Amino acid sequence: MLNVNRTIISFREIPDISEAAHKSRLLLRHSYRESLQGGNLDPGLTAEGWDYAVECGKLLKGMKDVCFGASPRKRTFQTVEALAKGGKLCDSDISITPYPQLHDTALFSPPEMLGVSVEEKTLPQLLKTYFSEGSAPTMIKRKDFAENLVDFLIGSEFEKKNVIIATHDIILIALLSHFQVYPFHEGDWCGYIQGALLYSDARGQWTICYVVPDKEKRKECTLFV
């Protein structure tokens, strides 16, 4: 059973939580990216996005025994690199493992339908339907996706006790909304790093919570941009 902690957690709290936990998985949205316009589904971070990720990494300073992963996208790899740099989270060159399970196409069946919906400009409405109703044409049911994602996160043997993984907003909304961790609205989401923390105690009991850089100063942003 997965316990749900509905208290919003700031990044500054995460090092202590991960230190006390038996294991932890920090799953975060990537930072600000270049535009998807023109059919480029793999843009990198903007200069602002890189700097912001470095600043977020500073809030994680003190987190120990960490390994790193990312969706197989340029923006997620760059976000992890910037977080690690800002928080001084590794002593040598960073090693980032790609996880196809966390690709932004992972919710779509077949995967290429993400690109089709971006090109046809139907993605915003498709996602609103998906997150309000739990299913939409060409997409894997939210319940199935979220439960499989948790199985992957808590069932996988990562290299170290704690892992930081960068992924995409749609992956995180599916996870957090299915387990009713946080009720997302259009003013809540895209544009900055935030996500989910899963951590276990010595008995193997896992808890999930919603994390943001600073719960006292949350940014206003727009959903699905």
Is it fair to say residue 16 is of a type in the set (Asp, Glu) and in a loop (DSSP other than H, G, I, E, B)? no
Output for the stretch 129-159, where each listed residue is in contact (Cβ under 8 Å) with a residue 24 or more places away in the chain, open to solvent by 50 Å² or more (accessible area, probe 1.4 Å) and closer than 18 Å to residue 201 by Cβ: 154
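Could you tell me which residue of the stretch 27-49 is nearest to residue 16 (Cα to Cα), considering only residues that are surrounded by 19 or more Cβ atoms within 10 Å (Cβ to Cβ) and in contact with a helix residue (DSSP H, G or I) (Cβ under 6 Å, 6 or more places away or on another chain)? Don't jump to the end; show me each part of the working.
First, pick out the residues of the stretch 27-49 that are surrounded by 19 or more Cβ atoms within 10 Å (Cβ to Cβ): 27-33, 45, 49.
Going one step further and asking which of them are in contact with a helix residue (DSSP H, G or I) (Cβ under 6 Å, 6 or more places away or on another chain), we end up with 29-33, 45.
Working: 29: 21, 30: 23, 31: 23, 32: 27, 33: 30, 45: 29 Å.
Only one residue fits best here, namely 29.
Scan the stretch 73-115 for residues that are part of a loop (DSSP other than H, G, I, E, B), open to solvent by 50 Å² or more (accessible area, probe 1.4 Å), touching a residue at least 24 places away in the same chain (Cβ under 8 Å) and not basic (Lys, Arg) and jot them down.
94, 95, 109, 110
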The stretch 47-66 residues that are acidic (Asp, Glu), paired with ones that are assigned to a helix (DSSP H, G or I) and surrounded by 17 or more Cβ atoms within 10 Å (Cβ to Cβ) (beta carbon under 7 Å, 6 or more apart): 55/86
Apart from one, (1) in a loop (DSSP other than H, G, I, E, B); (2) out of contact with any strand residue (DSSP E or B) (no Cβ under 9 Å at 6 or more places or on another chain); (3) at pLDDT 95 or above all hold for residue 63; the odd one out is (2)
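The values are calculated or read from the model by the stated rules, or taken from the named source; none is laboratory data. All values reported here derive from a predicted model rather than from experimental measurement. In this analysis, Cβ positions are derived from the backbone assuming ideal geometry, glycine residues included, and neighbour counts consider all displayed protein chains. Surface areas here come from the heavy atoms of the whole protein model, side chains and all, with no ligands, DNA or RNA. Shrake-Rupley method; radii C 1.70, N 1.55, O 1.52, S 1.80 Å.
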